[in-house]
């Protein structure tokens with residue numbers, strides 16, 4: 001009897017413990033789900049800093065960053081096939097336009113030229129003898145004409161061989177500095193094979209890209225001041241030599257400003273800033289530059305609408321200070337995101353943070 005009572009008591013105790021454990025697990029699970037939902041709700045709301053689209057004064061003068069490009073740059077090419085017998089340049093060598101910088105084996109061509117000249121002399125003697133016989137009736141006019149044609153053909157062959165010999169002397173097409181040397185003395189070359197590059201930096205072309213509002217204020221022959229990033233305390237003077245009439249894909253116009261560089265202190269590829277006087281100042285729609293998502297050529301911004309971030313494409317114009325001109329895509333008074341975009345997606349809920 002006592003054994004039965006003990007069994008009943010143990011059964012009731014175990015059942016009560018099991019019920020308590022199941023109840024506790026259910027409570028913990030519900031709590032964890034509630035916390036997860038709360039965390040999820042918090043994560044869907046991104047704090048951002050905003051600004052208002054407003055008018056700003058675009059000064060008539062502006063500055064644009066650009067790159068220095070060589071005044072001239074060409075590839076030194078071989079016009080014929082053969083072995084280089086003489087090489088007169090190395091990387092860094094200064095060469096003058098028209099000077100011979102490499103020679104290609106032409107011994108066979110010279111032998112062929114001498115042989116053809118000998119044949120020409122014989123053909124001319126034969127022609128003179130035939131010409132005398134024509135008056136005596138010893139030959140026909142056709143025979144004399146054939147002899148004259150043979151002389152003409154030999155003269156053409158001589159011109160052709162002389163041209164081929166001239167092509168074995170590689171001449172510098174421009175004056176400049178040699179780089180990217182690709183051959184050595186004894187190298188075998190073929191027609192149109194690149195031997196090296198020649199770059200003329202005695203003058204440079206500063207290349208900048210301007211918006212349509214900016215480019216209309218620039219004139220060919222205009223004198224401009226610029227600075228090289230490497231020499232921030234020095235001013236350089238240049239002259240506008242080229243204004244493109246066609247815009248690039250980014251709706252910018254290439255402008256080139258030529259600058260003297262007699263000492264070669266500036267190198268092609270360096271960067272600098274050109275200062276334009278421009279026209280009259282005017283009011284334009286502008287936004288902070290930091291609000292731009294992506295590049296200026298394919299600019300986008302997040303517009304705040306009903307506590308959501310809406311991604312919009314815009315067309316930008318001039319850059320002045322920390323602001324960017326807006327040509328289209330935004331209206332004055334709209335609110336845009338200027339900080340926090342890295343975590344945003346189109347249509348994401350946002351919370352405007354205190355600045």
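The values are calculated or read from the model by the stated rules, or taken from the named source; none is laboratory data. Note that this is a predicted model, so its numbers are computed, not measured. Using ideal geometry, Cβ is built from the backbone for each residue, glycine included, and neighbour counts are taken over all protein chains shown.
General remarks:
- When the stretch 332-355 is filtered for residues that are surrounded by 14 or more Cβ atoms within 10 Å (Cβ to Cβ), closer than 24 Å to residue 55 by Cα and at pLDDT 85 or above, the ones remaining, listed by number, are 334, 335, 336, 337, 338, 339.
- When the stretch 303-331 is filtered for residues that are touching a strand residue (DSSP E or B) at 6+ places or on another chain (Cβ under 7 Å) and exposed (fewer than 12 other Cβ atoms within 10 Å of the Cβ), the ones remaining, listed by number, are 307, 322, 328.
- One residue stands out in the stretch 289-302 among those that are in a strand (DSSP E or B) and free of Cβ contacts under 8 Å to residues at least 40 places away in the same chain: the one that is surrounded by the fewest Cβ atoms within 10 Å (Cβ to Cβ), namely 300.
- Strands (runs of 3 or more DSSP E) lying entirely in the stretch 49-147 (those with 1 or more residues that are modelled with pLDDT of 95 or more and surrounded by fewer than 16 Cβ atoms within 10 Å (Cβ to Cβ)): 62-77, 82-87, 100-104
- Residue within the stretch 162-171 that is in a helix (DSSP H, G or I), touching a helix residue (DSSP H, G or I) at 6+ places or on another chain (Cβ under 8 Å) and farther than 25 Å from residue 78 by Cβ present: no
- Among the residues listed as 150, 186, the single one being touching a helix residue (DSSP H, G or I) at 6+ places or on another chain (Cβ under 6 Å) and not in a strand (DSSP E or B): 150
- Verdict on residue 333 being assigned to a loop (DSSP other than H, G, I, E, B) and under 26 Å from residue 283 (Cα atoms): yes
- Evaluated against (1) over 16 Å from residue 66 (Cβ atoms); (2) surrounded by fewer than 17 Cβ atoms within 10 Å (Cβ to Cβ); (3) at pLDDT below 90; (4) not assigned by TED's automatic domain parsing to the domain that holds residue 327, residue 233 falls short on exactly one condition, (3).
- Within the stretch 213-229, the residues that satisfy the criterion of being within 21 Å of the chain's Cα centre (by Cα) and surrounded by fewer than 20 Cβ atoms within 10 Å (Cβ to Cβ) are 215, 229.
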